[in-house]
Amino acid sequence: MDVGTAGFVNLVGHGITIEAEREIAPGIIVSGQAPTNDSSFGSRTVGELRETLNVMSMEPLADFSLRIIDDNGAQTLPEKAWNALWIFHLLALACRRPVMPLYFAANHGTRFTLANRNLVIHRLPSVAPAGDNDLSWATVHFDAFHGLLNENRFQKAVRCYGNAHYLFDDDAKIMLLWSGIEGLLDVDSELRRRIALHASILLDGTPAEKALYFERVKKGYDVRSRAVHGSIAKPEMLQQGYELAGDVLLTLLRKCVELGRVPSAKELDERAASVSLAPSIASVHD
């Protein structure tokens with residue numbers, strides 16, 4: 001990536017809007033401004049022309065940008081800018097929705113470089129503002145998130161969530177999202193029940209909410225099984241299955257970030273086994 005001589009680069013994205021600029025980490029500013037390429041096509045090489053056309057195809061999706069600032073400029077800015085691609089995953093967890101990188105705009109918006117290997121990107125069904133609470137969550141958990149990227153299960157699950165939304169078909173999205181869920185929870189037997197159980201343990205909520213979530217996740221896993229085994233499913237069922245799988249994986253990843261670690265399957269099994277049932281009042285009187 002050519003960052004020119006400026007001490008900052010803009011990383012343009014799709015999925016959320018930003019009402020006011022805000023620094024979420026030192027030298028990382030989220031902005032509602034999304035630079036676009038208005039330069040001439042004159043005297044470009046074939047490679048530069050191809051890059052420009054690819055960037056221009058993504059410009060209609062541009063919703064916001066990250067401004068990556070580094071006082072050392074061209075010495076360390078390229079590495080910091082590439083590492084900032086992970087921040088889109090952090091923002092996805094913070095805002096509970098897909099967030100995608102599109103392209104870099106460097107040297108005051110005169111040099112553009114793709115930041116996404118997917119050249120065909122569907123517009124997301126909806127784009128929503130990133131609220132103050134969302135951005136505060138990203139700031140508070142910035143270091144914990146980046147620290148967990150060294151954990152293989154967490155990083156793979158994050159990639160599964162991020163990559164699923166580029167796929168064309170809901171059944172393919174479902175399979176990739178459930179691959180992330182299974183890998184993160186590290187469950188190797190009785191998958192349907194144990195995944196639902198572990199997910200409900202990690203969910204914040206009342207016992208009634210956890211019980212309902214347990215049933216929802218089991219039903220979601222049933223849709224996953226139909227997709228994996230090629231069973232015919234109605235489009236609306238696949239759409240719902242995709243949305244549920246995305247929500248489950250997001251919830252699990254957020255909980256891991258808040259905990260600062262990825263719980264083991266053994267730990268979650270032990271937590272489930274530690275629950276005791278108290279006798280009912282009627283039984284005591286009998």
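Only the coordinates and a few stated rules stand behind these numbers; no lab work does. Every value quoted in this text rests on a predicted model; they were computed, and no experiment measured them. Please note: Cβ atoms are built from the backbone with ideal geometry, for glycine as well, and neighbour counts cover all protein chains shown.
Sequence gap at least 6, Cα distance under 8 Å: using those rules, report the relative contact order of the chain to the nearest whole percent. Intermediate results must be reported in sequence, preceding the final value.
Working: 422 pairs, mean separation 54.2, N = 286.
Once divided by the residue count of the chain, the mean separation gives 19 percent.
Let me check I've understood the local charge: for residue 246, count other residues with C-beta under 11 angstrom from its C-beta, Lys and Arg +1, Asp and Glu -1. What total comes out?
Values: positive: 96, 97, 173; negative: 170, 243, 247.
Local net charge: 0.
Throw me the Rg/Rh for the chain, computed over C-alpha atoms with Kirkwood Rh, two decimals. Walk me through the numbers on the way to the answer.
On the way: Rg = 21.8 Å, Rh = 20.7 Å.
Ratio of gyration radius to Kirkwood radius: 1.05.
How large is ³J(HN,Hα) for each residue in segment 172-184, as worked out from phi by the Karplus curve 6.51 cos²θ - 1.76 cosθ + 1.60 (θ = phi - 60°), to whole Hz, x for Gly and Pro?
Per residue, the Karplus-derived 3J(HN,Hα) values read 5, 4, 4, 5, 5, 5, 5, 4, x, 5, 5, x, 5 Hz.
What is the gain in length, in nm to one decimal, between residue 45 and residue 188 on full extension, counting 0.36 nm per residue of separation less the C-alpha to C-alpha distance? Intermediate results must be reported in sequence, preceding the final value.
Details: separation 143, 0.36 × 143 = 51.48 nm, distance 5.20 nm.
Result for the pair: 46.3 nm of gain on full extension.
Using θ = phi - 60° and the Karplus form 6.51 cos²θ - 1.76 cosθ + 1.60, what ³J(HN,Hα) does each residue of segment 121-129 get, whole Hz, x for Gly and Pro?
Taking θ as phi minus 60°, the curve returns 10, 6, 5, 5, x, 8, 10, 10, x Hz for segment 121-129.
Once phi is turned into θ = phi - 60°, what whole-Hz ³J(HN,Hα) does the Karplus curve with 6.51, -1.76 and 1.60 give for every residue of segment 76-88, x standing for Gly and Pro?
Along segment 76-88, the couplings run 10, 4, x, 5, 5, 5, 5, 5, 5, 4, 5, 5, 5 Hz.
For segment 151-273, what are the per-bin percents of Cα-Cα distances with bins 10 Å wide, up to the bin holding the maximum?
It works out to 14, 48, 32, 6, 0, in whole percents.
Quick one: compute the contact order of segment 151-273, relative version, from alpha carbon pairs under 8 angstrom and 6+ residues apart, as a percent. List each step's numbers first, then the result.
Working: 129 pairs, mean separation 42.0, N = 123.
Relative CO of segment 151-273 lands at 34 percent.
Looking at this model, which pairs from 234/266; 156/266; 80/210 are more than 29 angstrom apart at the alpha-carbon? Can you show the working numbers first?
Details: 234/266 36 Å; 156/266 20 Å; 80/210 40 Å.
Pairs exceeding 29 Å: 234/266; 80/210.
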